Amino acid sequence: MLATFLITLREGLEAALVVGLVASLLRRRGHAEWLPLVWIGVASAALICLGLGLALDLLSVELPQRQQELFEAVAGLVAAGMMTAMAFWMRRAGSSMKQQLEGQVEEALGTRSGLALILLVFLAVAREGLELVFFLLALAQQSTGWQVLGSALSGLLAAALVGVAIAWGGLRLNLARFFRWTGVVVLLAAAGIAAGSLRALHEAGWWNRLQQLAFDLSHILPADGIPGAILAGLFGYVDQPSVGEVLVYALFLLATLPAFLVPARKPAAAVRA
């Protein structure tokens with residue numbers, strides 16, 4: 001599940017960078033005593049996201065078959081929407097993220113507000129955590145859950161190590177290029193999830209149009225083979241898609257990829273800085 005690993009690495013690295021930048025700024029300013037507040041924010045967000053994910057997963061298991069398919073479709077559409085929105089947001093705001101964080105931390109230090117610091121870290125981690133919850137939930141509904149979980153844990157571990165290396169180890173990484181190309185992977189995965197949501201709607205009996213077979217590559221490139229599984233993980237490949245699934249996949253990418261690949265304009269705050 002290479003796509004799961006890459007997307008989890010990307011989202012985890014975004015959260016790790018925020019935490020690392022805040023922690024390193026506190027240490028440089030001589031306020032290491034505030035570091036426990038950072039870990040309180042991280043732990044609170046992680047526990048809430050984990051609890052939400054487990055609750056939604058248990059809820060989906062208890063639902064009747066038709067409602068399970070509908071739940072899968074809704075979770076997939078929410079995940080695709082959140083992944084797309086966050087990819088575009090990070091493309092635009094990533095270049096000025098450090099300056100914004102420094103300003104927010106300085107404000108919290110100036111007002112001696114520990115709650116503001118906890119809330120800053122909590123919101124940053126929770127934002128990425130909620131996106132991951134819906135992405136992994138949608139992916140687990142459409143594939144083998146243990147494979148998804150293993151790839152996700154590997155991605156989070158790698159993100160934590162890279163985040164520590166950047167914040168404290170002096171590692172230099174071209175974040176703009178990293179987020180740009182992993183953003184393309186995010187959009188490809190989101191397109192596959194959106195197409196899978198249409199398939200779930202059909203299985204639930206909510207959508208019965210455009211169900212003609214678009215093509216059949218099951219004898220040439222089966223989805224359960226190694227190459228097919230890699231393509232399925234990266235691009236949402238299906239060896240026997242319907243016409244509707246192909247249309248959703250193509251229209252999704254036509255609506256998002258060109259706009260994403262156009263060079264982003266820097267925010268006004270970054271230009272002034």
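A single entry from Glu62, Glu102, Glu69, Glu11 fulfils the requirement of being over 30 Å from Phe178 (Cα atoms), touching a residue at least 60 places away in the same chain (Cβ under 8 Å) and charged (D, E, K, R): Glu69.
Quick check, is Val18 in a helix (DSSP H, G or I) and modelled with pLDDT under 85? Steps first, answer last, please.
Values: in a helix (DSSP H, G or I): yes; modelled with pLDDT under 85: yes.
Yes, satisfied.
Whether a residue is modelled with pLDDT under 80, within 13 Å of the chain's Cα centre (by Cα) and not aromatic (Phe, Trp, Tyr) was assessed, and Met90 passes this test. Please go through the range 58-74 and give me each residue that is β-branched (Val, Ile, Thr) and within 13 Å of Gly196 (Cβ to Cβ), ordered by number. If the condition is that a residue be β-branched (Val, Ile, Thr) and within 13 Å of Gly196 (Cβ to Cβ), then Val74 is the only one that fits.
Inspection of the range 204-220 identifies at least one residue that is among the charged types (D, E, K, R), out of contact with any strand residue (DSSP E or B) (no Cβ under 7 Å at 6 or more places or on another chain) and at pLDDT 85 or above.
Applying the condition of being part of a helix (DSSP H, G or I) and at pLDDT below 80 to the range 28-56 and asking which residue is surrounded by the most Cβ atoms within 10 Å (Cβ to Cβ) yields Ala32.
When the range 249-259 is filtered for residues that are under 20 Å from the mean Cα position of the chain (by Cα) and under 23 Å from Trp206 (Cα atoms), the ones remaining, listed by number, are Tyr249, Phe252. Out of Ala200, Ala195, one residue alone is modelled with pLDDT of 85 or more, in a helix (DSSP H, G or I) and farther than 29 Å from Leu13 by Cα. It is Ala200. For Pro241, indicate whether it is at pLDDT 80 or above and exposed (fewer than 13 other Cβ atoms within 10 Å of the Cβ). Spelling it out, it is not the case that Pro241 is at pLDDT 80 or above and exposed (fewer than 13 other Cβ atoms within 10 Å of the Cβ).
Can you tell me how many residues in the range 57-73 are in a helix (DSSP H, G or I) and either surrounded by fewer than 16 Cβ atoms within 10 Å (Cβ to Cβ) or among the polar types (S, T, N, Q) (or both)?
Going residue by residue through the range 57-73, those that are in a helix (DSSP H, G or I) are 57-62, 65-73.
This time we only want the ones that are either surrounded by fewer than 16 Cβ atoms within 10 Å (Cβ to Cβ) or among the polar types (S, T, N, Q) (or both), so: 58-62, 65-68.
Counting residues in the range 57-73 that are in a helix (DSSP H, G or I) and either surrounded by fewer than 16 Cβ atoms within 10 Å (Cβ to Cβ) or among the polar types (S, T, N, Q) (or both) gives 9.
The values are calculated or read from the model by the stated rules, or taken from the named source; none is laboratory data. Quantities reported herein were computed from a predicted structural model and do not represent experimental measurements. We place every Cβ from the backbone using ideal geometry, glycine too, and count neighbours over all the protein chains shown.
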